[in-house]
Amino acid sequence: MKNTSFNMVRRTETDYPPLLRMIKDPPETLYYKGNLALASRTCISVVGSRHGTAYGRWVARQIGSKTARYNIPLVSGLAAGIDAAGHQSALDHQGPTIAVLGTGIDICYPRSNQHLMTEIEEKGLILTEYPPGFRATPYSFPARNRIISGLSAATVVVEAGISSGSLITAGFSEDQGRRTYGVPGNINSIFSAGTNRLIADGVMPFISFEDVMDDLGIPRIGEEEVLKTLGQDEIRIYQALAEGGEMTADELCRKTGKPIPQVNALVTIMEMKGVLWTSLGKIFIAK
Amino acid sequence: MEKGPDYREVIGQEGAKRAMVIAAAGFHNLLLTGVPGSGKSLLARCLPSILPPMDQEEIFQATKIHSVAGALTREEPIVRHRPFRMPHHTVSPTALTGGGRKMKPGELSLAHLGVLFLDEMPEFPREVLETLRQPLEDGVIRIHRLAGSVTYPCRFLLLGSSNPCRCGYHGSSDHHCTCTPAQIKSYQDRISGPLLDRMDLTIRISAVPLTEALGLDQGLHQRASRRETRMESEEMRNLVLRGRKKQKARFSGAGLTFNSQLDGELLERFCPMEKQARSLSLEASEGMGLSMRGYKKIVRVARTIADLEEEEIIRVSHVAEALQYRDQQERTGIR
């Protein structure tokens, strides 16, 4: 790591994140890089499995685009999978994001997220309770999760297997008296077994980002303006996806009755408008 | 003249069939990625049924190569149909490139003017795949041996198929992928960047659910209308022929045959675009992070799509469609 400059803030100092100070066992010292003021805003954390599915990453990306739109910092743990998708989406949409590490501030884990970490340092905030040079232990990641939920007014668990660390975060969030949401998934998906169980146990299901805004008392920003930018044919595609969820181009053809060349062309144009995105041959609504 | 199965046997993969038409018309290399059972091999094996017939000169060239290789048979003493070569992934580099003690043309040259199909492309050893690069670029292969040097022609359409990962189910909605992110990456990396750069079309296909394939989720009436919208080889071949005719007229005297050969100054000259198409292609290069190579691929493919519609000027819809066949890296997650 070339850049070793970092800052520290103690619990007794005024710019220590206020929500974090309120939890049972707040860290005495936070080491950070970037804009500490973000941590004093109303934040939402997005956590989930390192593996996850395209669906989970889509949800994380969607939340990232929404938090960016509302200018709400998105908090997560810089892990692969859901975490990275959430951070990246917030950055892609010029929104604020905070990464809470389970290692020292000078260590990137996993290494493959190095560029993401660098981007968050520049545009957002990285923080940790561990001193520089501290390497991850089996306990540091679970302990770190209390900071993720502790910084946030609400925590959304996107995808979690039945023994996922994200469930620990959900538990902290509940204990800390914060709003906690689980994203429902298919009941035959092992990646949703944990989140579905959370919902069964009484956690709020995450149905739309706007519901979270309502719960937190944040005024909604209108959705209709997206549709205004679309032409007649594009609206057909948009509606088909809104009804049916992720689809392949073939499924879109069947659903809309349009030939494949036209569907492909429309999808590209809508991708360029930022309305859709494609991954692994499937097409999703982006916002 | 049909050889092999007909595309009417392929159900519910209209997107992939469309890509096949474009590939056959412009002689574009194509990589098909999909989960096991999505029909990659069938889609590939149907390709001969839509290839345009060979002309006299082509028959002559292909026959010469097969003759030198000793690959002519009593049943087919003249190569009248476009070759479709499908070497197994255990093929040796020599069998692929040609050479050997007696200096014979290899699979690449036997596929000249036809198709080289590499099923399960990542299963081929790296050294074998890398030997494809130069021939793909030049359309000829040079072999140097003690006995001397020879140059064999090998302008073929490279058709590759691949699973998305080692276990095959990455990105599937109804199977669990058991690979780690690192394993997935290493599997995908087996087809190197430079090789991927030479694939003009890259498509992802999903398995069609059985109920849908059989039309069980629909009424009789809908099933009947579905059958009508299903593309069959004859219709596809007619499209291909139309695209070929356009290219022939355009390239006469220019020393080219196919849109896939367009590069550099020729790419500029032969690919006039309407204003919006130009700006979409530039915006997309920016927004989707395309390299210069990626940009050129889009233009070449858009050229072929325009030819299928017998349009001289490339329109915005052509570019937009072409962009769906770009190499779509997964945008999130594994990093």
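The values are calculated or read from the model by the stated rules, or taken from the named source; none is laboratory data. What you are looking at is a predicted structure, and each value in this text was computed from that prediction instead of being measured. All Cβ positions, even for glycine, are placed from backbone atoms using ideal geometry, and neighbour counts span all protein chains on display. Quick note on the areas: whole protein, heavy atoms, side chains included, nothing else; ligands and nucleic acids left out. Shrake-Rupley method; radii C 1.70, N 1.55, O 1.52, S 1.80 Å.
Figures for the structure shown
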read-out	value
Debye, to nearest 20: dipole size of the protein assembly as shown, +1 on Lys, Arg Cβ, -1 on Asp, Glu Cβ	1320
Bins of 10 Å, starting at 0 and running to the largest distance - Cα pair percent for the range A:7-216	10, 40, 38, 11, 1
For the range B:130-147, 3J(HN,Hα) per residue [Karplus equation, 6.51 cos²θ - 1.76 cosθ + 1.60, θ = phi - 60°, Hz, x = Gly/Pro]	5, 5, 6, 4, 5, x, 5, 6, 9, x, 9, 10, 9, 10, 10, 9, 3, 5
Accessible carbon and sulfur surface of the protein assembly as shown relative to its total accessible area, %, 1.4 Å	52
Charge dipole (debye, nearest 20) of the range B:7-57; +1 at Cβ of Lys and Arg, -1 at Cβ of Asp and Glu	240
Residue among A:THR118, A:ASN196, B:ALA71 farthest towards the positive dipole end of the protein assembly as shown, charges placed on Cβ	B:ALA71
20 °C / 1.002 mPa s Stokes-Einstein diffusion coefficient of the range A:154-279, Kirkwood radius on C-alpha pairs, µm²/s	127
Peptide B:315-321, shielding by other chains (average Cβ, 10 Å cutoff)	5
Cα gyration tensor shape of the range A:25-124, rounded if a/c is under 1.5, else prolate or oblate by comparing a/b with b/c	oblate
Accessible surface, 1.4 Å probe, highest first, among residues B:SER252, A:SER149	B:SER252, A:SER149
Shielded residues, the range A:98-133 - accessible-area loss of 10 Å² or more between chain alone and all protein chains, probe 1.4 Å	A:SER112, A:ASN113, A:HIS115
Accessible surface, per residue, of the range A:61-124 when the full set of protein chains is kept, probe 1.4 Å, Å²	26
Built amide H within the under 5 Å cut-off of A:ILE105, gap 5+	A:GLY133, A:PHE134
Estimated vicinal HN-Hα couplings, Hz - the range A:101-115 in sequence order (Karplus 6.51, -1.76, 1.60; Gly, Pro = x)	9, x, 10, x, 5, 9, 10, 9, 10, x, 4, 5, 9, 3, 5
Rg/Rg_globular for the protein assembly as shown, with Rg_globular taken as 2.2 N^0.38 Å and Rg from C-alpha atoms	1.08
Over 29 Å (Cα to Cα) - which of A:LYS282/B:LYS297; B:LYS64/B:LYS245; A:LYS258/B:LYS185; A:LYS273/B:LYS245 fall in this group	A:LYS258/B:LYS185; A:LYS273/B:LYS245
Test item: B:11-17 mean partner chain Cβ contacts at 10 Å	5
For the range B:51-177: Kirkwood Rh in Å [reciprocal of mean 1/r, alpha carbons]	15.8
The range A:223-285: C-alpha pair distances exceeding 19 Å, %	16
Residues in the range A:239-265 occluded by at least 50 Å² - accessible area, probe radius 1.4 Å, against chain by itself	A:ASP250, A:ARG254, A:ILE260, A:PRO261, A:ASN264
Rounded to 5, percent antiparallel among DSSP beta bridges of the range B:7-224	35
Inter-chain Cβ neighbour average for residues A:274-283, partner chain, 10 Å	5
Kirkwood-Stokes translational diffusion coefficient of chain B, alpha-carbon pairs, 37 °C, 0.692 mPa s, µm²/s	156
Model label zone, B:MET292; criterion: amide N under 17 Å from point 7 Å along Cα-to-beta-carbon; scope the range B:262-282	B:262-269, B:282
Pairwise burial A:B, computed as accessible area of each alone minus the pair, summed, 1.4 Å, Å²	2900
Exceeding the 19 Å Cα-Cα cut-off - candidates A:LYS66/A:LYS123; A:LYS228/B:LYS275; B:LYS17/B:LYS40	A:LYS228/B:LYS275
